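Each reported figure results from applying straightforward, stated rules to the coordinates on display, with no laboratory input. On a predicted model such as this, the values are computed, not experimentally measured, just so you know. Glycine also receives a Cβ, built like all others from the backbone with ideal geometry; neighbour counts cover every protein chain displayed.
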Amino acid sequence: MNYDPTSPEQWEDPAKVYAWLREHDPAHHCEKFGIWVVTRHADVLAILKDTERFSSRDANTALADATPPEVAKVLAEGHPEVDALLTADPPIHRRHRGTINRALTQRRINENLDAMGQIAHALVDGFVDERSADLVARFAIPYPLHVIAEILDLPEERLPDFKRWSSDFVRRFSPDLTTEERVSCARGFIAFQRDFEQRIRQAQARPGDDFMSDFARAGSEGDEPLSMPEMLTTIMQTVVAGHETTTSLIGSALVLLLRDPALHETLTASPEKLPAFVEEVVRLESPVQGLFRTTTCDVELHGRKIPSGAHVQVLFAAANRDPEAIANPDAVDLERRNPRGHLGYGEGIHFCPGAPLARTDTRVALEVLLERLPALRLAPDAKLRHAPHFFLRGWESVPVTWSTR
Ligand code: HEM
């Protein structure tokens, strides 16, 4: 079976090809994209922990073609993009990670709990009387964007810009863009940099008890402070990772529960089960299906020789349904003994620092939607499609109807 996440059949139903690969070709060489694909839970976990042989540098560019001169010219106007955080290895990764961990604390998430509820209610207020809506466009996209903006103190009126720049940030490595589109993404990237450079400098000049001040403060003693390009890459990655993924998670959660009336009823009657459900959605639907590592030496896996410098895609989503690691892996089970035993947030030094936020804001979002939209149903004529992407998974739209009280 061929692995091709750009084929519509596979991005609609990737579980089938993942199961085949796990069983028959666990270290698969994908000719079309020149990458190696790893699917078993034990292998994915081992690779994530082996940062010496599997580097995160170049991870973003595994699929990208060389930068055309038109794009390079635009990028030259900004700070160089450096390997940072997601695309950094030890020991420098520790410095970047320290800045994020210092700013994105559980205390800060808890302080924003009321704001999350208010944001969710305000969004629902905007459409509740219409009795039908696309919950991706009206809720799942704006909600995490407003939440991350609240935590980072970003002004409300700039949110459309942040959304656009974030999309540019993600899209610029897609293998199917024209040069014109890549130039446009590069412009968005530079605008994003300029905005955050100003915020970082303001926070350094007048530090307070807020996210940007904690982020921009020098690190622990003995650590070299982060350079401006390092800070920019780290903060931009966080802003982007902080909402695109949560949008997908909310959309996937809604479809899963609306397709299963018994589950819908259980979660409406017992909202205390929502955290277990959210964890199951991350496992089953994996908004980040898989990311890349680059081998630093020749590596042998299941009898295949992966050469040094190869791009390896670790498929969290495939690992998350591996029956060798997870009992009854295709079912939603709210009573799992080890509910966090999946790899949907990664593992090891790059384990998602936003996981506590994603768990909390998605739970709050579902609580509000289930409470405010009685008799919530998928619209009878809903044609559900996943947005095409090489490694992110989420519904393009979730059209629903509900009744009024
Ligand atoms: C459904 C929600 C989310 C999912 C499924 C998810 C998934 C992941 C995964 C799989 C990784 C590991 C990357 C790797 O090993 O290369 C990761 C890293 C990361 N995530 Fe998340 N994430 C989510 C939400 C968030 C949120 C809300 C934020 C920030 C507010 C965030 C920020 C980050 C950052 C900065 C990294 C890089 C960490 C590092 O390299 O040390 N994520 N995420």
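Here are the numbers:
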read-out: Interchain or long-range residues, amide H under 5 Å from HIS386's placed H; value: GLU396
read-out: Two-decimal Rg/Rh across the range 260-366, once Rg and the Kirkwood Rh are taken from alpha-carbon atoms; value: 1.07
read-out: Additional length obtainable on full extension of the chain from GLU111 to ASP333, 0.36 nm per residue less Cα span; value: 76.9 nm
read-out: Within the range 329-352: backbone nitrogen closer than 18 Å to the ARG94 label point (7 Å, Cα to C-beta); value: 348-351
read-out: Computed over the range 269-386: relative contact order in percent, which uses C-alpha pairs under 8 Å that are six or more apart; value: 29 percent
read-out: Span-rule helices in the chain, defined as complete DSSP H runs reaching 24 Å or more along the axis (Cα) with Kyte mean at least 0.0; value: 228-258, 355-372
read-out: Centre separation in Å (Cα based) which lies between the range 158-184 and the range 228-276; value: 22 Å
read-out: Label point 7 Å beyond Cα of ASP223 along Cβ direction - residues of the range 91-118 with amide nitrogen under 15 Å; value: 91-105
read-out: Cut-off under 5 Å, modelled amide H: who pairs with PHE33 long-range; value: none
read-out: Helix-only [θ]222 nm of the chain, DSSP H runs n ≥ 4, -39500 (n - 2.57) each, per residue, nearest 500; value: -15000 deg cm²/dmol
read-out: Expected-Rg normalisation [2.2 N^0.38 Å, Cα atoms] applied to the chain; value: 0.98
read-out: Within the range 208-341: Cβ-based charge dipole about Cα centre, in debye rounded to nearest 20 (Lys, Arg +1; Asp, Glu -1); value: 520 debye
read-out: Unit charges at the beta carbon, dipole of the chain: most positive-side option, PRO374, VAL282, PHE351; value: PHE351
read-out: Euclidean distance of C-alpha centroids, the range 331-405 and the range 115-143, integer Å; value: 15 Å
read-out: Distance between modelled label sites at ARG259 and ALA375, nm, 7 Å Cα→Cβ extension; value: 2.4 nm
read-out: Calculated FRET value between GLN204 and THR67, using beta carbons and R₀ = 30 Å, to 0.05; value: 0.45
read-out: Segment ARG171-CYS30, length gained on full extension (0.36 nm per residue, minus Cα span); value: 48.6 nm
read-out: Cut-off under 5 Å, modelled amide H: who pairs with ASN320 long-range; value: LEU343
read-out: Value of relative contact order over the chain, rounded to a whole percent, pairs C-alpha under 8 Å and six or more apart; value: 27 percent
